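Just below is one structure, and these are the notes that go with it.
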Amino acid sequence: MITRRSMLAGILASTALPAALRAENEPYVLGTLFPMTGLLSELGSIYANATALGLEHVAADRRLARPIVLKAQDSQSTPQGGAVGMSKLANVDRAPYVLVGLTGVAKAAEPIATRAKVLMVNGGGVGPDLAGLSPYFWNIIPLANQELPTAFDWMKRNAIKRVALIYLDDPLGNALRKGLQEGLPAIGASLVGEFSAAPSAQQFSAMIAKIREARPDLVYVASYGTQQTQIFKQLRDNGMTQPIMTYSVGGTPSVAALPESEGILFTSQVADWDAADPLTRRFVDGWRARYKDNPSTYAQNYYNAVLLYTQVLERLEKEGKPVTGDTLREAIGSGTFDLVGGKARFSATGAIDMPTQLNRVQNGKFEKAS
Amino acid sequence: MLLTQLAVAGIQTGMLYALTAAGFALIFGATRVFHVAHGATFILAGYAFLEAVQLGLHWSLASGVALLLAVAFGLFMDALVYRPIQKHEGSFFTVFVASFGAGIAMQALIQFFFGGGFATISVPLTRAAEVLPGLYIAPVFWVALAVVVVVFAAVSLFLERTHAGLGLRALSENPELLRAYGLSARRLSALAFVLGSALAVPGAILTTVTTGIQPADSAHVMLVSLAATVVGGIGSIRGAALAGLFLGLVENLVVSVVDTQWSQAASFVVLFAFILFRPNGLMGRAGAR
């Protein structure tokens with residue numbers, strides 16, 4: 001017998017059913033919070049291009065029951081832009097997995113993402129304090145302090161005893177400064193000068209005059225973006241012939257394009273573009289075909305971040321679990337993943353464990369330094 | 001030798017500041033328009049030079065292209081932005097906001113076409129050589145010195161020895177009297193924008209080859225211009241040039257006693273000191289404000 005109550009239940013069920021079906025068929029959302037404008041927009045383009053290539057390859061593979069849709073926000077290279085962008089991604093786009101870059105932006109966006117239980121994956125910021133930032137924050141790039149042992153190894157082999165440091169007075173610059181202060185004595189070297197730069201500084205001739213007075217064997221630069229390239233140019237223009245070294249940010253195209261960057265050394269994760277494994281070949285060949293150049297390690301990281309999302313989604317689909325920040329976090333923390341560069345695991349603090357290498361700018365290209 | 005090296009670096013920076021600030025000071029002194037978009041003129045000239053050189057033009061022709069675009073932008077601002085506003089309302093604040101907006105729009109346009117990153121040209125002129133033990137000077141230092149001397153001598157001659165120059169100097173004082181003498185305030189205002197915008201070009205080109213340029217430099221150029229105009233004495237081009245040189249020197253010499261990151265802040269300490277203790281600036285006249 002049809003009662004009013006069963007009719008009402010039927011009506012409610014019929015309205016709820018399409019919603020449930022729709023949820024099941026809705027695409028997975030991948031959010032990006034990249035610096036598409038502002039001082040570091042050059043990096044944003046690399047991140048976005050790598051993400052696009054990764055999504056194209058994943059879509060072609062048809063390994064997931066549902067497609068992945070991209071929701072992009074521009075961080076404008078600023079922490080404030082990062083916070084606004086993350087709010088939109090978490091509350092409007094409902095992205096459970098967001099790719100971020102830049103230390104300051106990531107740190108500004110993190111509280112919003114953690115509150116909304118959105119998983120953040122960083123492939124560009126290398127500030128050591130990004131490790132253990134939040135249970136929902138994962139780094140798919142080795143952090144700057146993880147690169148320093150490779151730098152020390154080269155300095156020791158090349159009898160570098162006196163190091164001058166130019167650093168941006170921010171968390172990243174200060175972390176590298178601390179790393180050098182602690183690590184150099186172990187190889188019989190020391191910091192003979194620490195020169196801080198204001199974020200807006202563009203004239204470095206006075207600073208370089210002081211560096212010259214310190215008579216260093218090597219100048220280590222802990223800055224980034226346009227300022228970093230200006231420092232390289234002015235160091236060479238002002239007659240500094242000593243080796244110049246920096247961290248993974250040295251692997252950006254604008255550095256390679258600057259004639260004064262010739263010979264500059266930088267550490268980064270291991271990147272072998274000639275490796276024969278199918279994942280590396282597909283990534284490198286795809287990048288070369290589309291962008292007519294070799295990829296950078298940043299491109300590798302964001303391509304890997306897309307692969308990571310796909311492999312985690314596959315696992316959740318198999319286990320019949322919903323896709324939430326918590327299920328994604330649990331899957332990433334307990335698994336091993338096939339990425340470009342080899343199998344990868346993450347530590348309890350959310351840092352990827354990857355070997356690092358030293359590179360050199362040679363004839364406008366990056367090559368591994370011995 | 002460190003102090004000598006810092007002084008040389010300071011003079012070079014100061015010469016670029018002097019060239020940058022003089023144009024703003026001339027426009028403000030003659031028309032009383034707070035031309036914030038002067039920073040945009042500077043980066044427009046820098047990028048125009050850069051692009052022209054990269055297209056294969058000789059540096060002299062590239063400089064001509066930069067000059068043409070800078071002057072065109074200055075005239076555009078005068079004729080199509082400031083003058084219509086002044087006709088209707090003419091408040092200082094409205095003109096300031098319009099100038100600010102136009103400057104931002106130009107900066108965004110440059111960023112759209114050339115990207116937001118740093119751009120430069122590598123030329124042998126910027127490579128320093130050791131001229132004395134521990135003292136490094138790049139050939140661009142002497143080029144900047146020559147440019148500063150020639151440009152300021154030419155501008156001084158023009159302002160002091162020609163009718164148009166005298167009219168320009170009188171424009172801010174008494175436009176009504178100018179009309180009585182048959183001179184057009186409108187034409188003189190356009191002339192101020194032509195000269196002021198042209199003055200930004202040498203500084204922009206020299207900055208492009210020495211430190212490089214980026215769209216966001218517009219704000220820094222404006223700050224330097226403003227500081228030099230106030231320190232030099234509002235209405236005085238010579239004062240602005242001298243103040244630019246002085247600020248460059250302070251910015252570099254201060255590094256010998258404070259941490260390197262505070263060098264820029266030193267310029268603004270000087271600015272505050274002048275506002276508090278010598279509000280008429282180095283060469284300003286009492287009551288000229």
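Worth pointing out:
- Test for B:ALA198: is it of a type in the set (A, V, I, L, M, F, W, C), surrounded by fewer than 24 Cβ atoms within 10 Å (Cβ to Cβ) and free of Cβ contacts under 8 Å to residues at least 40 places away in the same chain: no
- Boolean, B:VAL155 is farther than 30 Å from A:GLY225 by Cα, crowded, with 18+ Cβ neighbours inside 10 Å and at pLDDT 90 or above: yes
- Listing of helices (runs of 4 or more DSSP H) fully contained in segment A:240-319 that carry 3 or more residues being buried (at least 24 other Cβ atoms within 10 Å of the Cβ) and among the polar types (S, T, N, Q): A:297-319
- Selected residue (criterion: nearest to the other protein chains (Cβ to nearest Cβ)) from residues of segment A:26-40 that are surrounded by fewer than 24 Cβ atoms within 10 Å (Cβ to Cβ) and β-branched (Val, Ile, Thr): A:THR37
- When the criteria are applied in full, B:PHE42 fails the requirement of being within 25 Å of A:SER45 (Cβ to Cβ) and within 14 Å of chain A (Cβ to nearest Cβ).
- Boolean, B:VAL269 is over 18 Å from the mean Cα position of the chain (by Cα), in a helix (DSSP H, G or I) and either touching a residue at least 60 places away in the same chain (Cβ under 8 Å) or more than 27 Å from B:GLU160 (Cβ to Cβ) (or both): yes
- Flag if A:VAL361 is touching a residue at least 12 places away in the same chain (Cβ under 8 Å) and assigned to a strand (DSSP E or B): yes
- Selection from segment B:139-155 of residues that are in contact (Cβ under 8 Å) with a residue 60 or more places away in the chain and either more than 17 Å from B:GLY203 (Cβ to Cβ) or among the aliphatic types (A, V, I, L, M) (or both): B:VAL140, B:VAL143, B:ALA144, B:LEU145, B:VAL147, B:VAL148, B:VAL151, B:VAL155
- Residue ID - surrounded by the fewest Cβ atoms within 10 Å (Cβ to Cβ), chosen from residues in segment A:149-200 that are touching a helix residue (DSSP H, G or I) at 6+ places or on another chain (Cβ under 8 Å), of a type in the set (Gly, Ala, Ser) and within 11 Å of chain B (Cβ to nearest Cβ): A:SER200
- If you filter segment A:87-100 down to residues that are in contact (Cβ under 8 Å) with a residue 24 or more places away in the chain and more than 21 Å from the chain's Cα centre (by Cα), you find that the one that is surrounded by the most Cβ atoms within 10 Å (Cβ to Cβ) is A:ASP93.
- Of the listed requirements (1) touching a Pro at 6+ places or on another chain (Cβ under 6 Å); (2) outside any loop (DSSP other than H, G, I, E, B), A:ILE332 misses just one: (1).
- Residues satisfying the stated conditions in segment B:254-265, i.e. among the hydrophobic types (A, V, I, L, M, F, W, C) and surrounded by 18 or more Cβ atoms within 10 Å (Cβ to Cβ): B:VAL254, B:VAL255
- Members of segment A:218-239 found to be assigned to a loop (DSSP other than H, G, I, E, B), more than 8 Å from chain B (Cβ to nearest Cβ) and either over 25 Å from A:THR356 (Cα atoms) or out of contact with any strand residue (DSSP E or B) (no Cβ under 9 Å at 6 or more places or on another chain) (or both), listed by number: none
- Where helices (runs of 4 or more DSSP H) fall wholly inside segment B:104-214, the ranges with 3 or more residues that are within 14 Å of chain A (Cβ to nearest Cβ) and over 23 Å from B:LEU68 (Cβ atoms) are B:139-161.
- Which listed residue is out of contact with any Ser or Thr (no Cβ under 6 Å at 6 or more places or on another chain), among the basic types (Lys, Arg) and farther than 29 Å from B:GLY103 by Cα, from B:ARG187, B:ARG179: B:ARG179
- Considering segment B:229-253, the residues that are touching a Leu at 6+ places or on another chain (Cβ under 7 Å) and over 16 Å from B:ALA144 (Cβ atoms) include one that is surrounded by the most Cβ atoms within 10 Å (Cβ to Cβ), namely B:ALA243.
- Residues of segment A:240-258 that turn out to be under 28 Å from A:GLN76 (Cα atoms) and within 14 Å of chain B (Cβ to nearest Cβ), as a count: 8
- Residue count, segment A:117-135 (criterion: at pLDDT below 95, in a loop (DSSP other than H, G, I, E, B) and in contact with a helix residue (DSSP H, G or I) (Cβ under 9 Å, 6 or more places away or on another chain)): 9
- Some residue of segment A:186-199 being over 24 Å from B:VAL250 (Cα atoms), of a type outside the set (A, V, I, L, M, F, W, C) and in contact (Cβ under 8 Å) with a residue 24 or more places away in the chain: yes
- Any hit, segment B:51-69, residues being without any contact (Cβ under 8 Å) to a residue 12 or more places away in the chain and at positive phi: yes
- Checking B:THR126, B:THR208 one by one, the residue that is buried (at least 22 other Cβ atoms within 10 Å of the Cβ) and touching a strand residue (DSSP E or B) at 6+ places or on another chain (Cβ under 9 Å) is B:THR208 and no other.
- Checking B:GLY167 against (1) free of Cβ contacts under 8 Å to residues at least 60 places away in the same chain; (2) over 22 Å from B:GLY239 (Cα atoms), the condition it does not meet: (2)
- All conditions in (1) buried (at least 21 other Cβ atoms within 10 Å of the Cβ); (2) in a loop (DSSP other than H, G, I, E, B); (3) among the charged types (D, E, K, R) hold for A:ARG215, with the sole exception of (1).
- One residue alone among B:ALA102, B:ALA129, B:ALA138 is modelled with pLDDT of 85 or more and under 25 Å from B:MET222 (Cα atoms), and that residue is B:ALA102.
- Pick from segment A:101-116, criterion outside any loop (DSSP other than H, G, I, E, B) and crowded, with 24+ Cβ neighbours inside 10 Å, ranking: farthest from the chain's Cα centre (by Cα): A:ALA113
The values are calculated or read from the model by the stated rules, or taken from the named source; none is laboratory data. All figures in this text were calculated on a predicted structure; none of them were measured in a lab. Cβ: placed from backbone, ideal geometry, glycine included. Neighbour counts: every protein chain shown.
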